[in-house]
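The values are calculated or read from the model by the stated rules, or taken from the named source; none is laboratory data. Please read these numbers as outputs of a predicted model, since none were measured by experiment. When we count neighbours, we look across all protein chains shown, and the Cβ atoms used for this are built from the backbone with ideal geometry, even at glycine.
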Amino acid sequence: MPVNIQKRFCFLTCDAASYLGDNLRGIGSKFVRSSQMLTSCSECPTLFVDAETLLSCGLLEKLKFSVLELQEYLDTYNNRKEATLSWLANCKATFAGGSRDGVITCQPGDSEEKQMESLAQLELCQRLYKLHFQLLLLFQSYCKLIGQVHEVSSMPELLNMSRELSELKKNLKDATAAIAADPLTTESEPTFNSTEAAIQSILECLKNNELVKAVRQIRECRILWPNDIFGSSSDDEVQTLLNIYFRHQTLGQTGTYALVGSNQSLTEICTKLMELNIEIRDMIRRAQSYRVNTFLPDSSISGTSL
């Protein structure tokens, strides 16, 4: 699952849990745990394959439905995320500091403001739950897509470069870490006159295992030709280098693929996430039941929205 979605989701969850209070019948901490489980999942595997091979092995047809399903879940997730963000912002603006004691209550003697705050907090929990459940659906669909992609590895007629690119990816990450650890160490880098010359130089570095030099060169190319084949500064430079390497290693031929990423089965974490979502749903229902049984607000209060 894309890292940017995970990060924003985790930030929103922690922000909402902080507003609600960590001891809010345990709901806040459960939401945080759910987000941590999702964000701890392995990174998205990458499939390297040419268009002709993608068609000939039948993978394109297999992926069509899963991609459409993913897009539908993602659109709904984004809508629910915006609704949750808006509600949280309104809660913060309307009520000072959120829950004081970390418990949702609506007692008969409470002030109207306290009653409204409790109702608003319960609504926030409901919206956050729907958001978490939608991301779970997105995650399950994503896992199904990964499973379909992994089926490619069972096709003997294809040339598998997965191990070669996986090793290159690991070493490139080590190279970027080495540069980050010693940023003051520089070397004389050529200023390329053309993209063709730059690509040829980068390929030579990758083939000769001069990976630190290759990373530095891709960074220089992004300055010289922003948003070109080298990508922008916000793109993953390791991924860009892998794209260049695979494209030119398989130039003029078909039937080659590489699947780079975790082969870990994600069934177990899907099951745990579903169990946690059910637990959160039941906690919210109990909190709602407690509110109804202890205090029945009049229609003017229950019908008010932020």
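Note on region 212-271: residues that are within 25 Å of the chain's Cα centre (by Cα) and part of a loop (DSSP other than H, G, I, E, B) amount to 15.
Here is a list: Gln140, Gln115. Which entry is over 30 Å from Thr254 (Cα atoms), touching a Cys at 6+ places or on another chain (Cβ under 8 Å) and either among the hydroxyl-bearing types (Ser, Thr, Tyr) or at pLDDT 80 or above (or both)?
On the way: Gln115 fails: either among the hydroxyl-bearing types (Ser, Thr, Tyr) or at pLDDT 80 or above (or both).
Only one candidate passes the filter, namely Gln140.
Comparison of Glu151, Glu157, Glu167 shows that the only residue that is farther than 18 Å from Thr76 by Cβ and either in contact with a Ser or Thr (Cβ under 6 Å, 6 or more places away or on another chain) or without any contact (Cβ under 8 Å) to a residue 40 or more places away in the chain (or both) is Glu167.
Mind telling me which of the residues Phe246, Phe230 ends up being within 30 Å of Ser56 (Cα to Cα) and in contact with a Phe, Trp or Tyr (Cβ under 7 Å, 6 or more places away or on another chain)? It is Phe246. Inside region 67-82, residues that are closer than 15 Å to Phe11 by Cα and surrounded by fewer than 15 Cβ atoms within 10 Å (Cβ to Cβ) make up a count of 2. When restricted to residues that are of a type in the set (S, T, N, Q), more than 14 Å from Thr254 (Cβ to Cβ) and in a helix (DSSP H, G or I), region 46-68 contains 1. For region 29-66, name all the residues that are in contact (Cβ under 8 Å) with a residue 24 or more places away in the chain and either surrounded by fewer than 13 Cβ atoms within 10 Å (Cβ to Cβ) or more than 27 Å from Leu165 (Cβ to Cβ) (or both). Result: Lys30, Phe31, Arg33, Ser34, Ser35, Gln36, Met37, Glu43, Glu52. Does at least one position in region 184-198 carry a residue that is surrounded by 14 or more Cβ atoms within 10 Å (Cβ to Cβ), β-branched (Val, Ile, Thr) and more than 24 Å from Gly261 (Cα to Cα)? Yes; the residues of region 184-198 include at least one that is surrounded by 14 or more Cβ atoms within 10 Å (Cβ to Cβ), β-branched (Val, Ile, Thr) and more than 24 Å from Gly261 (Cα to Cα).
Okay, residues lined up against (1) over 28 Å from Ala51 (Cβ atoms); (2) at pLDDT 95 or above; (3) of a type in the set (A, V, I, L, M):
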position	(1), (2), (3)
Leu172	no, yes, yes
Thr185	yes, no, no
Asn193	yes, no, no
Glu204	no, yes, no
Glu220	yes, no, no
Asp236	no, no, no
Asn243	no, no, no
Arg247	no, no, no
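In summary, Thr94 fulfils each of the numbered conditions (1) farther than 30 Å from Leu63 by Cα; (2) modelled with pLDDT of 90 or more with the single exception of condition (2).
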